[in-house]
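The values are calculated or read from the model by the stated rules, or taken from the named source; none is laboratory data. What you are looking at is a predicted structure, and each value in this text was computed from that prediction instead of being measured. Ideal geometry is used to build each Cβ from the backbone, glycine not excepted, and the neighbour counts take in all protein chains shown.
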Amino acid sequence: MYQYNTVDQQIVDERVEQFRDQTRRYLAGDLSDDEFLALRLMNGLYIQRQAPMLRVAIPYGLMSANQLRKLAHIARTYDKGYGHFTTRTNIQFNWPKLEEVPDILAELAQVQMHAIQTSGNCIRNTTTDHFAGVTPDELEDPRPWCEIIRQWSTLHPEFAYLPRKFKIAVTGSAEDRAASQVHDIGLHLVRNAEGDIGFEVLVGGGLGRTPVIGKVIREFLPKQDLLSYLDAILRVYNLNGRRDNKYKARIKILVEAMGVDAFRDQVEAEWQHTRDTELRLTDAEIARVKGFFQPHPYEALPAESPALQQQLQSDSDFKVWFERNTRAHKVSGYRCVVVSLKPLLGAPGDITDRQMDVVAELAEQYSFAEIRSTHDQNLVLAEVRQDDLYAVWTVLTEYNLARANINTLTDMIVCPGFDFCALANAKTLNISDAINAEFDNLDYLYDLGDIQLNMSGCINACGHHHVGHIGILGVDKKGEDWYQITLGGSGREDASLGKVLGKAVAADEVPAVLRKILETYVEQRTDEERFLDTVRRVGLTPFKEKVYASAH
Amino acid sequence: MPLLINRQPAADRWTLIQPQEGETLEALATGVDALLVPIEQLDAAAALNPAALGVQINGDHSVAQLQPWLARVTLIAVEFPVFRDGRGYSLARQIRRLGYEGELRAVGNVGRDQLGYMERCGFNAFSLADDRYSPDTLKAFSEISVRYQGAADDPRPVYRQHSESTV
Ligand code: SF4
């Protein structure tokens with residue numbers, strides 16, 4: 001993975017001192033609330049319902065064992081012993097003290113980490129496929145490009161006060177595990193007719209109040225032009241995006257208002273000024289960054305592991321976990337392990353300091369000391385020898401990190417909701433608990449197959465409810481929590497927005513409503529048909545009839 | 001109002017004239033040497049032939065409107081109605097890109113914590129409210145001493161700063 005040089009280190013170190021001074025001036029009354037707000041947000045610091053919340057960047061979801069240990073240390077020392085992974089693959093701490101935040105940032109800087117631009121109206125953490133570099137179906141590893149974007153966007157002087165936040169995702173394979181089509185910019189590594197690899201560029205995707213699927217504005221962008229083209233898009237947005245209404249300030253609204261062709265024309269016109277300037281990436285720089293993402297020194301191993309076969313036969317729990325929570329690796333003899341942060345009891349995406357230490361240790365012992373965080377709020381040990389899987393599983397099981405539910409109904413994406421978030425309309429964690437309690441039979445979940453359930457506590461859609469096969473949105477009705485259900489969304493390569501099933505349901509009805517939805521699916525499905533495909537084929541009517549039948 | 005030019009406290013020789021209903025620019029601008037006007041008044045102001053002519057714009061304007069005047073004006077003031085309105089940063093980049101080398105001044109809601117980025121985008125002058133200026137303010141320029149991106153101050157991104165490669 002990328003290692004800081006002296007320049008990278010100096011930037012984070014100086015940033016810590018700058019923020020320390022800003023905090024000091026704020027506490028001394030020299031800096032207004034409003035101004036400190038903008039500054040602290042650009043360092044990931046919110047003031048939430050309970051306390052400040054600090055969001056730490058995990059660039060493109062990749063961290064070292066040492067870094068994860070540092071996060072565990074921070075959770076233990078400055079917080080209440082846990083953290084929460086987000087859909088931007090970052091981690092949040094819910095209980096830091098404002099005056100200690102500069103110290104936390106200094107601790108992070110010691111391990112090449114920071115909280116820069118994890119919130120605020122600026123360019124946020126770039127995300128990617130959590131199987132980048134190890135998935136067999138990849139055209140090229142997207143992570144070097146994420147790192148190039150990270151450096152370009154970090155403390156960018158021109159794009160710190162955008163109309164609204166700005167999110168970029170990069171993918172390198174045909175399967176889209178990064179929800180790239182619902183990002184402000186989605187970049188897909190593609191090969192053109194001449195055989196060159198470059199980027200397909202999408203703009204204007206996003207969720208929130210007005211969900212939109214991104215539109216292609218350039219089918220092929222040569223790699224060297226990546227930054228100059230991003231620069232042009234950002235400048236057109238910064239100058240023209242709406243600033244009078246925060247719900248209309250994202251780039252998606254600008255693209256819709258101008259029309260994608262007019263938007264493209266402006267970007268291309270702006271780009272003509274910059275494409276052949278210093279912004280053009282040098283081959284030397286591309287090669288330098290790629291050098292940090294070379295394949296690990298894998299052992300030459302046979303595809304079949306007799307030890308593994310034997311363990312799979314003798315231990316059915318292990319077998320179930322193997323089938324649900326591990327994935328193919330491009331190198332023979334290795335597998336990717338998904339560490340489930342979706343236990344039966346507990347908030348999706350939460351992890352304790354002890355669990356962080358355990359995962360760090362497993363990574364060191366079995367997976368080249370690297371860990372990835374996923375956009376669906378799990379962790380990945382991406383490079384485990386098949387022979388070691390049983391040992392890894394045993395430890396994960398001991399620490400409640402091996403629930404064999406990946407890609408099933410209970411592998412939910414859930415935002416923190418009203419319990420933590422100041423913007424929330426409704427609670428989410430009580431609903432995820434209720435869903436876990438209602439659907440605790442794993443065999444039933446396996447029979448249902450792959451289902452993505454996403455839940456948000458308000459229209460800001462941090463839980464990506466629009467692109468869940470099943471989406472749940474918390475709404476406030478006269479002071480009570482109600483939940484609106486959508487079906488048929490997808491954040492993958494076949495991206496689509498869910499459609500509203502009908503009127504919202506009360507909190508205690510959610511599990512029963514879900515059960516009816518799933519029963520309808522089981523009645524309607526053809527052999528092997530995924531939930532999403534059934535919904536797409538039969539439409540919402542049968543689901544509506546079943547769910548709302550008794551209510552009439 | 002404290003003014004910084006090239007990181008030094010400076011006296012302001014310019015007078016901003018904004019005629020209201022019933023007032024004429026001519027009447028107000030008599031005797032003014034260094035005349036600063038909103039872009040809407042620029043034609044009229046130029047006709048008065050002041051010793052020095054400056055123009056004030058904000059995020060609603062575009063550099064295209066400004067371009068014909070770049071050789072004539074020696075001050076361009078970009079107004080930030082609120083510090084969150086980041087359009088002025090892009091305007092500054094575009095103004096410098098067009099070759100303008102005169103004074104480029106940030107006015108309006110300008111605070112210490114914006115100065116570093118503003119300077120990098122091409123501003124070399126900053127007008128701050130009295131209560132937002134202290135000698136300490138000058139430190140803002142050197143808080144972050146290294147940078148990844150090229151910008152108006154140095155067009156080379158970090159990877160071109162130390163290598164010979166221009167491929
Ligand atoms: S979706 Fe709403 S409630 Fe949930 S984290 Fe985002 S802002 Fe908070």
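Looking only at segment A:191-207, residues that are among the β-branched types (Val, Ile, Thr) and either under 19 Å from the mean Cα position of the chain (by Cα) or at pLDDT below 95 (or both) come to 1 in all. Can you say whether B:TYR100 is assigned to a helix (DSSP H, G or I) and either under 19 Å from A:HIS273 (Cβ atoms) or within 11 Å of chain A (Cβ to nearest Cβ) (or both), as far as the supplied structure shows? When the stated conditions are applied, B:TYR100 does not pass them.
How about segment A:404-420: which of its residues are surrounded by fewer than 24 Cβ atoms within 10 Å (Cβ to Cβ) and either within 16 Å of the ligand (Cβ to nearest atom) or more than 20 Å from the chain's Cα centre (by Cα) (or both)? Residues satisfying the conditions are A:ALA404, A:PHE418, A:ASP419, A:PHE420. State whether one or more residues within segment B:78-85 are outside any strand (DSSP E or B) and either in contact with a Leu (Cβ under 7 Å, 6 or more places away or on another chain) or touching a residue at least 40 places away in the same chain (Cβ under 8 Å) (or both). Within segment B:78-85 (the criterion being outside any strand (DSSP E or B) and either in contact with a Leu (Cβ under 7 Å, 6 or more places away or on another chain) or touching a residue at least 40 places away in the same chain (Cβ under 8 Å) (or both)), the answer is no, since none of the residues qualifies. Taking the numbered list (1) within 29 Å of A:ASN460 (Cα to Cα); (2) aliphatic (A, V, I, L, M); (3) at pLDDT 95 or above in turn, A:LEU423 passes all entries but (3). For segment A:1-50, filtered to residues that are hydroxyl-bearing (Ser, Thr, Tyr) and under 23 Å from the mean Cα position of the chain (by Cα), the residue that is nearest to the other protein chains (Cβ to nearest Cβ) is A:TYR2. Only one of the listed residues (A:ALA174, A:ALA132, A:ALA160, A:ALA179) is in contact (Cβ under 8 Å) with a residue 12 or more places away in the chain and either in the same structural domain as A:SER456 (by TED's automatic domain parsing) or in contact with a Cys (Cβ under 6 Å, 6 or more places away or on another chain) (or both). That residue is A:ALA160. Do we find a residue being within 16 Å of the ligand (Cβ to nearest atom) and out of contact with any strand residue (DSSP E or B) (no Cβ under 9 Å at 6 or more places or on another chain) anywhere in segment A:459-473? Looking through segment A:459-473, at least one residue is within 16 Å of the ligand (Cβ to nearest atom) and out of contact with any strand residue (DSSP E or B) (no Cβ under 9 Å at 6 or more places or on another chain). Can you tell me which residues in segment A:268-294 are touching a helix residue (DSSP H, G or I) at 6+ places or on another chain (Cβ under 7 Å), at the interface with chain B (Cβ under 7 Å from one of its Cβ atoms) and not in a loop (DSSP other than H, G, I, E, B)? Answer for segment A:268-294, where residues must be touching a helix residue (DSSP H, G or I) at 6+ places or on another chain (Cβ under 7 Å), at the interface with chain B (Cβ under 7 Å from one of its Cβ atoms) and not in a loop (DSSP other than H, G, I, E, B): A:HIS273, A:GLU285. Considering segment A:474-485, the residues that are among the acidic types (Asp, Glu) and within 13 Å of the ligand (Cβ to nearest atom) include one that is farthest from A:LYS427 (Cα to Cα), namely A:ASP476.
Contact map, segment A:102-123: residues that are more than 14 Å from every other protein chain (Cβ to nearest Cβ) and under 17 Å from A:GLU147 (Cα atoms) paired with residues that are small (Gly, Ala, Ser) and in a loop (DSSP other than H, G, I, E, B), Cβ distance under 8 Å, separation 6+ or inter-chain. Pairs shown: A:MET113/A:ALA57; A:ALA115/A:GLY44; A:ALA115/A:ALA57; A:THR118/A:GLY44; A:THR118/A:ALA57. Candidates B:GLN41, B:GLN56, B:GLN65: the one that is surrounded by fewer than 16 Cβ atoms within 10 Å (Cβ to Cβ) and either in contact (Cβ under 8 Å) with a residue 24 or more places away in the chain or not in a loop (DSSP other than H, G, I, E, B) (or both) is B:GLN65. Beta carbons closer than 6 Å, at least 6 apart along the sequence or on distinct chains, never pair a first residue in segment A:216-243 that is modelled with pLDDT under 95 with a second that is crowded, with 22+ Cβ neighbours inside 10 Å. Look at segment B:1-26: where a residue is surrounded by 15 or more Cβ atoms within 10 Å (Cβ to Cβ) and a partner is among the charged types (D, E, K, R) and part of a loop (DSSP other than H, G, I, E, B), sitting 6+ places away or on another chain with Cβ atoms under 6 Å, you get B:LEU3/B:ASP12. Set side by side, the residues A:GLU147, A:GLU158 differ, and just one is farther than 20 Å from A:ASP13 by Cα and either within 11 Å of another protein chain (Cβ to nearest Cβ) or surrounded by fewer than 24 Cβ atoms within 10 Å (Cβ to Cβ) (or both), which is A:GLU158. Scanning segment A:381-399 for residues that are under 26 Å from the mean Cα position of the chain (by Cα) and among the hydroxyl-bearing types (Ser, Thr, Tyr) yields A:THR397, A:TYR399. Checking the structure you have, find out if any residue of segment A:131-140 is assigned to a strand (DSSP E or B), buried (at least 24 other Cβ atoms within 10 Å of the Cβ) and not aliphatic (A, V, I, L, M). Scanning segment A:131-140, I find no residue that is assigned to a strand (DSSP E or B), buried (at least 24 other Cβ atoms within 10 Å of the Cβ) and not aliphatic (A, V, I, L, M), so the answer is no.
Evaluate the following for A:ARG40: is it in contact with a helix residue (DSSP H, G or I) (Cβ under 8 Å, 6 or more places away or on another chain), more than 30 Å from A:ALA287 (Cβ to Cβ) and modelled with pLDDT under 95? Criteria met by A:ARG40. Of the set (1) closer than 23 Å to A:ASN407 by Cα; (2) of a type outside the set (Gly, Ala, Ser); (3) outside the structural domain of A:LYS248 (by TED's automatic domain parsing), all apply to A:ILE104 but (1). Scan segment A:419-449 for residues that are assigned to a loop (DSSP other than H, G, I, E, B), more than 13 Å from A:GLY474 (Cα to Cα) and touching a Phe, Trp or Tyr at 6+ places or on another chain (Cβ under 7 Å) and jot them down. Result: A:GLY449, single match.
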